[in-house]
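Notes follow the structure.
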Amino acid sequence: MAARLPHTPSEQGGVRLLGATLIDGTGAAPVANSEVELRDGVIVYAGPRRVGANSDAGGRVIHLPGSFLMPGFIDAHVHLSMVPGDPEETRARFPEEHVLAVAGVLRTTLLAGVTTARDLDGLTAGYRNAIARGSSLGPRLHLAIAMLSPTGGHADPVRSNGSLPAWATRPGMPEPGVVDTDDDVIRMVRILLRAGADAIKVSTSGGVGSPTDDPNDVGLSQSHVALVAHLVAERGGRPITAHALTDAAVRSAVLGGAASIEHGYDLSDETIALMVERGTVLVPTLSTLLRTLDPATTPADVVRARVLRQERGLDSVRRAVAAGVPLALGTDAGVHPHGRNLAELARLVEVGLTPAEALRAGTLGGAELLDLDTHIGSIEVGKQGDLVVTTVDPLRAIGELADADTIRMVLQAGRVVKDLDGLASA
Ligand SMILES: [Zn+2]
């Protein structure tokens with residue numbers, strides 16, 4: 001059963017995009033001088049430009065010579081409710097200020113070329129509803145809402161003295177998914193499904209930024225992950241994804257039934273083989289791993305520890321790629337600035353993908369992971385007209401797509417939501 005497609009308003013009538021080099025997201029060779037036709041927001045033709053055909057078909061015609069046309073990108077790991085600002089200052093804001101700041105982040109992410117995003121902790125279904133209704137511009141949203149960990153684990157914001165940090169007290173934030181017993185897991189998964197979760201996120205290891213645990217700590221057990229899998233299967237199925245920083249945490253998640261692993265920076269060859277066997281997807285969030293610390297303001301031993309973790313993480317992901325573990329693009333945006341999601345593409349090339357494979361990981365690969373590949377992820381007949389136009393050749397200069405200004409036009413269900421060169425009205 002395919003997952004529910006998050007709705008966005010669609011363009012009614014016909015749209016034809018002519019003359020671009022088409023990179024359809026499937027990994028197929030580019031098609032020069034292409035034609036893509038949309039009808040009521042859905043692709044009805046994609047291929048070489050048809051000579052003389054449909055010249056009087058009506059609707060909007062957009063000429064794109066010298067441009068590259070790709071599917072809208074899918075970022076499978078974001079935190080769009082994390083808005084920039086000092087935590088103490090942001091806590092003093094009105095709830096409306098926070099909501100409108102998040103609306104800005106949604107728009108920024110869409111205009112960077114991300115037409116679908118999976119928020120893995122922080123956004124409620126209200127944002128998804130607002131986008132569906134057309135009150136706010138943003139990516140189609142798949143939501144985990146909150147993540148699951150034991151008391152004191154990665155999902156638990158409470159400090160040792162029982163207080164909450166400022167970031168954990170924002171209005172409208174979902175309740176943390178703290179679970180210790182089977183009953184806790186059953187109740188929390190059912191609450192998340194009731195709240196509209198499209199995916200369940202579990203933390204099978206500790207985290208870097210959590211108040212009281214450590215990346216090497218054990219998180220949710222394999223049997224609790226398996227219990228989550230059982231519970232979602234009762235309700236039509238949802239993909240389970242696991243925040244997992246250690247090899248043991250990845251094994252628990254994979255054996256428990258997770259469809260994907262977030263981070264995975266310490267994989268053994270045995271675990272990699274297990275992932276290949278099960279088809280487990282790795283979302284390496286290299287944009288987060290490879291963040292650099294300012295040596296002027298950070299103690300030398302902290303910088304050294306970060307560099308060591310980066311080297312280990314890169315080695316782990318490179319071995320996974322070489323062994324054939326499928327990758328999907330995810331950034332953990334929110335942990336670092338929003339709107340540079342496509343910087344991850346060049347990072348994926350650094351760990352061994354070709355540019356064409358990186359583009360596929362950022363489009364169809366993500367759609368497969370979200371179980372939405374019958375609707376989005378490639379430019380094929382029957383799919384939504386979620387499209388991105390750039391003048392950068394992504395197969396030669398993929399790193400340039402990190403700059404959102406290189407994304408000249410964005411369409412979502414055929415509706416033009418960004419048009420820097422005014423091509424849609426020409
Ligand atoms: Zn994250």
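The values are calculated or read from the model by the stated rules, or taken from the named source; none is laboratory data. Small disclaimer: the values here were computed from a predicted structure and weren't measured. Cβ coordinates were reconstructed from backbone atoms using ideal geometry, including for glycine residues, and neighbour counts include every protein chain displayed. Just so you know, the surface numbers come from the protein's heavy atoms only, side chains and all, with ligands and any DNA or RNA stripped out. Shrake-Rupley method; radii C 1.70, N 1.55, O 1.52, S 1.80 Å.
Seen from all directions on average, the range 193-319 presents a Cα convex hull projection of 8.8 nm².
Checking understanding here: applying a Kyte-Doolittle mean of at least -1.0 and a length along the axis of at least 27 Å (C-alpha), which whole DSSP H helices in the chain pass?
Details: long enough: 300-323 (35 Å, -0.19).
Result, helices passing both filters: 300-323.
Stokes-Einstein D for the chain at 20 °C, 1.002 mPa s, Kirkwood Rh over Cα pairs, in µm²/s? Answer, rounded: 98 µm²/s.
Measuring with a 1.4 angstrom probe and ignoring ligands and nucleic acids, Tyr127 comes out at about 40 Å² accessible. Distances between placed amide hydrogens fall under 5 Å for Lys418 paired with Val410, all partners being 5 or more residues away or on another chain. Maximal additional length on extending the Asp269-Ser160 stretch stands at 35.6 nm, based on 0.36 nm per residue less the C-alpha distance. Extension gain, Leu308 to Phe94: 0.36 nm times the residue separation minus the Cα-Cα distance gives 72.9 nm. When only Cα pairs below 8 angstrom with a gap of at least 6 residues are kept, the range 1-151 shows a relative contact order of 23 percent.
Convex hull over the alpha-carbon atoms of the range 99-158: what's its volume per residue in Å³?
87 Å³
By accessible area, using a 1.4 Å probe on protein heavy atoms only, the range 1-101 has 58% of its surface on carbon and sulfur. In the range 151-205, one over the average inverse separation of all distinct C-alpha pairs is 12.5 Å, which is the Kirkwood hydrodynamic radius. Value of Rg to Rh for the range 21-167, rounded to two decimals, is 1.13; Kirkwood radius and Rg both from alpha-carbon coordinates.
Amide H contacts of Leu148 (H built 1.01 Å from N, in plane; Pro and chain starts excluded): Lys201, Val202, Ser203 sit under 5 Å, all sequence-distant by 5 or more or on other chains.
Amide H to amide H, with H built 1.01 Å from N, Arg140 comes under 5 Å of Thr116, Ala117, counting only residues 5 or more places away or on other chains. Comparing Gly85, Gly334, Gly362 in a Gaussian network model of the chain where C-alpha atoms under 10 Å apart are linked, the largest mean-square fluctuation is found at Gly85. Restricting the range 118-197 to trypsin sites (Lys or Arg not before Pro) that sit in a DSSP loop and have at most 14 other Cβ atoms within 10 Å of their own Cβ leaves Arg159.
Tell me the Kirkwood radius of the range 351-422: reciprocal of the mean inverse pair distance over distinct alpha-carbon atoms, in Å.
Over the range 351-422, the inverse of the mean reciprocal pair distance is 13.2 Å.
Ordering Leu314, Leu359, Ala20 by the projection of their Cα atoms onto the charge dipole of the chain, which places +1 on the Cβ of Lys and Arg and -1 on the Cβ of Asp and Glu, puts Ala20 at the extreme positive end. Per residue, the range 66-141 exposes an accessible area of 35 Å² to a 1.4 Å probe, with every protein chain left in place. Per residue, the accessible area of the range 224-316 comes to 42 Å², computed with a 1.4 Å probe over protein heavy atoms only.
Heavy-atom accessible area, probed at 1.4 angstrom with all protein chains present, ranks His154, His77, His63 as His63, His154, His77, highest first.
Looking only at Val416, Val389, Val36, which one moves most when the chain is put into a Gaussian network model with springs between Cα atoms under 10 Å? In the Gaussian network model the winner is Val416.
Once the mean of 1/r is taken over each pair of separate Cα atoms and inverted, the range 115-208 shows a Kirkwood hydrodynamic radius of 14.2 Å.
Among the trypsin sites (Lys or Arg not before Pro) found in the range 295-401, those both in a DSSP coil and sparsely packed, with 14 or fewer other Cβ atoms within 10 Å of their Cβ, are Arg396. By the equivalent-ellipsoid construction on the alpha carbon gyration tensor, the range 291-426 comes out with semi-axes of 31, 20, 13 Å, ordered largest to smallest.
Annotation: extensible slack from Val218 through Thr354 equals 45.5 nm (criterion: 0.36 nm per residue apart, minus Cα-Cα distance). Between Ala300 and Asp180, the modelled label-to-label distance comes to 4.3 nm, taking each label 7 Å out from Cα in the direction of the beta carbon.
Run the accessible area of the range 269-399 with a 1.4 Å probe and give the carbon-and-sulfur part as a rounded percent. Here it works out to 53 percent.
Of all the options Asp269, Asp213, Asp386, the one that moves most in a Gaussian network model of the chain with Cα springs shorter than 10 angstrom is Asp269.
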